[in-house]
Amino acid sequence: MREMTVRPDPRNRPEPDVLVFPVDANAGPAQTWYEPEGILLAVEVVSPDSRERDREVKPASTRRPGCGTSGGSSRTANKGLPVGYVHELDPATKSYALTGVFRDRLKVSVPYDIDIDIDLTAIGRRPGA
C-alpha cells in the first residue's frame, strides 16, 4: 500500500512511501491510517530535497515497538544508484538496529523472504549495448 499513514500516537501520522501489512489490518475503504503494530514493513525513499525528513523524522515516527521491519532507500551514497538500508526491531531493547545495507540486490528473510534487484544500471540500455 502506498500513500497511507501510520498512527504511532494521536499527534503523529507519518506516511511511508510503501507499507506492507496483513490483510486483516485493512479495515476497508474508509480507513485512512494503520496502527504501527499492524505494519510488517515500512519503506521510505530518501529524496534529495527532503533528506532529513525522510531519514530522521519519518522513520523515527514509524519505528515504534510493535512495528516490524523498516527499510529505506537512498541514491546519494552509491554514485546515484539505489542503496537499501534495513532496520529490524530488537525485541530485547524495543529499538531498531541497522541489519543490512544493500547495493545491487536487497535480500532478507525477516519479516518474510524479500528478494529485490535494486541494480538500476541496466535500465535504459539497449540490448547488446
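The values are calculated or read from the model by the stated rules, or taken from the named source; none is laboratory data. None of these values were measured; they are calculated from a predicted model. Here the Cβ positions follow ideal geometry from the backbone for every residue, glycine too, while neighbour counts run over all protein chains shown.
Quick notes
- Qualifying residue in segment 59-71 (condition: at pLDDT below 75, assigned to a helix (DSSP H, G or I), closer than 16 Å to E15 by Cβ and of a type outside the set (S, T, Y)): yes
- Only residues that are surrounded by 15 or more Cβ atoms within 10 Å (Cβ to Cβ) and either in a loop (DSSP other than H, G, I, E, B) or touching a residue at least 60 places away in the same chain (Cβ under 8 Å) (or both) were counted across segment 82-97, and they come to 1.
- If the condition is being exposed (fewer than 13 other Cβ atoms within 10 Å of the Cβ) and part of a loop (DSSP other than H, G, I, E, B), then segment 2-41 contributes R2, E3, P10, R11, P22, A27, G28, P29, A30, Q31, T32.
- Some residue of segment 24-31 being farther than 22 Å from Y85 by Cβ and touching a Cys at 6+ places or on another chain (Cβ under 8 Å): no
- Whenever a residue of segment 18-30 is farther than 11 Å from M1 by Cβ, its partners that are of a type outside the set (D, E) and part of a helix (DSSP H, G or I), lying with C-beta atoms within less than 9 angstrom and at least six residues away or across chains, give the pairs P22/G38; D24/G38.
- For segment 98-119, the criterion of a residue being exposed (fewer than 15 other Cβ atoms within 10 Å of the Cβ), out of contact with any Gly (no Cβ under 7 Å at 6 or more places or on another chain), at pLDDT below 75 and polar (S, T, N, Q) is satisfied by no position.
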